[in-house]
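The values are calculated or read from the model by the stated rules, or taken from the named source; none is laboratory data. Since the structure is predicted, the reported quantities are computational estimates derived from the model, not experimental observations. As a convention, Cβ positions derive from the backbone with ideal geometry for all residues, glycine included, and neighbour counts pool all protein chains shown. Just so you know, the surface numbers come from the protein's heavy atoms only, side chains and all, with ligands and any DNA or RNA stripped out. Shrake-Rupley method; radii C 1.70, N 1.55, O 1.52, S 1.80 Å.
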Amino acid sequence: MAIERMKLLSVVGKDENINSFITNYLLDSGMQPEDALKVLEKGWKLSYYPYDNRPKENLKLCKSILDELKIAYKDEYVKTNLENSLEEIETNLKEIETDIKNKKQIIEETNKEIEKMETAKGPIHHLQNLSLELEDFYKLRYMKFRFGKISKEYYIKVKQDAKNLDVVLLELEETENEVWIIYLTTEEFCMQIDSYFNVMKFERIWLPQEIKGTPKEFIKNIDDFIKESNKKIQEQLQEIENLRIKNQTKLISYLCQLQNYEMINKVKKYIVHDENGYFYIIGWMPLDELKILVPKLTKEKDLKFTVKNHDEVASVPPTHLKNNKIVKSFETIVQMYGTPNYTELDPTAFVAITAFLMFGFMFGDVGQGLVIAIIGWLLKRKKSTLGPVFMAGGISSIIFGFLYGSIFGKEDIIKPIFISPMENINTMLISGIAFGTILILIAMCLNIKNGIKTSDKQKIFFSENGVAGFVFYCTILIAVVYFYLKGKLIVSASILGSILVIALLCILFKDNITNAIEHKKAKEKSSIAEKIFELIETLLSFASNTISFVRLSAFAINHVGLCMAIYILAGMTSGAGNLAIAIFGNVLVIALEGLIVGIQVLRLEYYELFSRFYSGNGKEYKPIRTEIN
């Protein structure tokens, strides 16, 4: 349970090898790149690679062709070898696309011709009883003909009127409601006759002028044409199917390669190159992954690389927390405050233990804790990061519930193993403060350990949370406890006062003492008044932080009192009302008090404990493999 060790890896290679380098070593790597343009100092110009939109555009084209050919594919990145150049892939894709478009166009045009012939064929069916050739109608020199249909009702009248009109009427076919006819008239009377038939709601059908042969022959010719056209369409469809079979493997390969080219594009934004044809990438990498990568890079003749520790460079390493499954869930609480600095302790384990204990201390109930644990289990099944945290809180509540003898707020079902909060209020209050002082002392020890890690003498010895603060706080605690138990001071007032004064003077003049030890000049001089005010603030924080832990006991007592009130209300009713109030009251306690206690846990963690040892100003670890996906 710690912060994973990082090394700074810097790689230089030839531009012509960049794609293979990225594919082989970076796409799935744990490197977190730094801005090479800012880190590297070169005597020639460095610049970023321009974004190449060809992979993205060709990826769209490739997917479109795969969809067109009904070839199934997975739309997810799969690492593959780059067997074809972008230019080659683009050329082949466009050839396949053009081939498909040409065949689709032939099919579309043929379908239009079929549709046109089907449209022309429809009316001709009503002429098939005529034995004369249709083009003869267009050869008439002095006569005009009209072909169409008319309703039966109007046709009866037309037949009657035809005797007095200059018209020849030919009845072709009769349907249920209509009659198909041809009428002929001379050019002289054409306008008059057309007007008459228009009034009779005659619907004229225009015959194509290119029509030849008898109606039966024309229909047969159309049927033959449609048959040949359908055959032509099937041939084109078969050719498209052949394209699919022929290119299926190739297109899937192109898809995977284009996905890799697009990933390479994303990685290139972290890389710079110079005018001499060399690329440069620099980034932080976990030590475990670096041990695997370095032997591979050593075998590459065209690559040069260097590896440096964090204390050899100005760049700050990112923080990658490395915790087991039980503790890992509490990383969310830590990162809400801030990511740990690379050089400080990972407080996740500390948070897991203290949050677990504090939640149960304030909300100790076997039944209600079980409900919270079940809710946490359900959230965990839904992959929620808070699920395990809820489960831990529920388990803690169950454990303290047995210690307090509480099940769903009932204090008379089981006997308390340790203490009954409502019956031992003073003991509970003292226990809360005692527990808080232990946590504060542990937090100060963690601060001292952080100082040792960074070789910060002021943090170790002279700060309010270092050895000086620890001695001062411990002296006060021991003196108070001893006086409370024995009724007298543990040592004489002069000795006690001397220890406290020396500790306070170390805190007051910590900057001066540190600068004297390290032979450094003070960066800026603070006035004695300003230092005294800071010291007063430190003393107040010791007092307020300690008293703040009274809330642990207060909420434990409050929980009992709230549950008692619910059961008193329930006792005022009988039957279903009694049960309903009891259930509703417990739900209210779990939801409302559970939320408040959770907030109090966070407050105690952040303000009373984290403020003593944890900065949280680190940089979150974001490797290439997560940033490009």
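Odds and ends about this structure:
- Computed from the C-beta positions of Asp99 and Thr332, the FRET efficiency with R₀ = 56 Å rounds to 0.55.
- Rough spin-label spacing in nm, given labels placed 7 Å along Cα→Cβ, for Arg5 and Lys227: 8.5 nm
- Loop-located chymotrypsin sites (Phe, Trp or Tyr not before Pro) in the stretch 1-98, at most 16 other Cβ atoms within 10 Å (DSSP): Trp44, Tyr51, Tyr73, Tyr77
- The listed residues Lys70, Lys510, Lys520 rank as Lys70, Lys520, Lys510 when sorted by accessible area, largest first, using a 1.4 Å probe.
- Portion, in percent, of the accessible area of the chain that falls on carbon or sulfur, probe 1.4 Å: 59 percent
- Dipole in debye (nearest 20) - the chain, about Cα centre, beta carbon charges: Lys, Arg +1; Asp, Glu -1: 2580 debye
- Taken about its Cα centre, the stretch 485-629 carries a charge dipole of roughly 400 debye when the Cβ of each Lys and Arg holds +1 and the Cβ of each Asp and Glu holds -1.
- Cβ-Cβ FRET estimate between Leu595 and Lys382, R0 fixed at 25 Å, reported to 0.05: 0.80
- Extension reserve of the Val587-Asn629 stretch, reckoned as 0.36 nm per residue once the Cα distance is removed: 10.9 nm
- Spacing of the modelled spin labels on Leu37 and Leu169, each 7 Å from Cα toward Cβ, amounts to 9.0 nm.
- J(HN,Hα) series, the stretch 400-415, from Karplus relation 6.51 cos²θ - 1.76 cosθ + 1.60, nearest Hz, glycine and proline x: 5, x, 5, 5, 8, x, 10, 10, 6, x, 8, 9, 10, 8, 10, 7
- Between His320, Gln335, Ile292, the Cα set farthest toward the positive side of the dipole of the stretch 286-337 (charges on each charged residue's Cβ, about the Cα centre) is that of Ile292.
- Here's the list of aspartates and glutamates a cross-link from Lys94 could span, going by alpha-carbon distance under 14 Å and ignoring same-chain residues fewer than 8 apart: Glu57, Glu68.
- Gained length - Tyr154 relative to Thr80, 0.36 nm times residue gap less alpha-carbon distance: 18.9 nm
- Value in Å of the Kirkwood radius, where the chain supplies the Cα pairs that are averaged: 34.6 Å
- For a straight C-alpha distance cut-off of 14 angstrom, the aspartates and glutamates reachable from Lys457 (same-chain residues fewer than eight places away being disregarded) are Asp511, Glu518.
- For the stretch 1-149, the solvent-accessible area works out to 59 Å² per residue, with a probe of 1.4 Å and every protein chain left in place.
- Within straight-line reach of Lys268, meaning a Cα separation under 20 Å, sit the following lysines at least 8 residues removed in sequence or on another chain: Lys14, Lys38, Lys42, Lys45, Lys56, Lys79, Lys304, Lys622.
- Entries in Lys383/Lys410; Lys325/Lys415; Lys70/Lys116; Lys322/Lys382; Lys531/Lys619; Lys382/Lys410 that, when Cα-Cα distance is taken, lie over 25 Å: Lys383/Lys410; Lys325/Lys415; Lys70/Lys116; Lys531/Lys619; Lys382/Lys410
- Our summary of shape: the Cα atoms of the stretch 21-69 have principal axis extents of 52, 25, 15 Å, ordered from largest down, in whole angstrom.
- Selection of trypsin sites (Lys or Arg not before Pro), the stretch 116-199, meeting DSSP coil and at most 14 other Cβ within 10 Å: Arg141
- Value of [θ]222 nm, deg cm²/dmol, for the chain, DSSP H segments ≥ 4, -39500 (n - 2.57) each, nearest 500: -18500 deg cm²/dmol
- Greater than 23 Å apart at Cα, pairs in Lys453/Lys520; Lys74/Lys299; Lys139/Lys163; Lys121/Lys157; Lys60/Lys103: Lys74/Lys299; Lys139/Lys163; Lys121/Lys157
- Distance between the pseudo-spin-label points of Val316 and Asn177 (7 Å out from Cα toward the beta carbon): 8.5 nm.
- Annotation note: trypsin sites (Lys or Arg not before Pro) in the stretch 292-342 located in DSSP loop regions with a Cβ neighbour count of at most 12 within 10 Å are Lys299, Lys301.
- Note that the stretch 124-139 has calculated 3J(HN,Hα) couplings of 4, 4, 7, 9, 5, 7, 7, 9, 7, 7, 5, 5, 5, 4, 7, 8 Hz, one per residue in order, obtained from phi through the Karplus relation 6.51 cos²θ - 1.76 cosθ + 1.60 (θ = phi - 60°); glycine and proline are x.
- Taking the chain and dividing mean pair separation by its residue count, relative contact order in percent (alpha carbons under 8 Å, at least six apart): 21 percent
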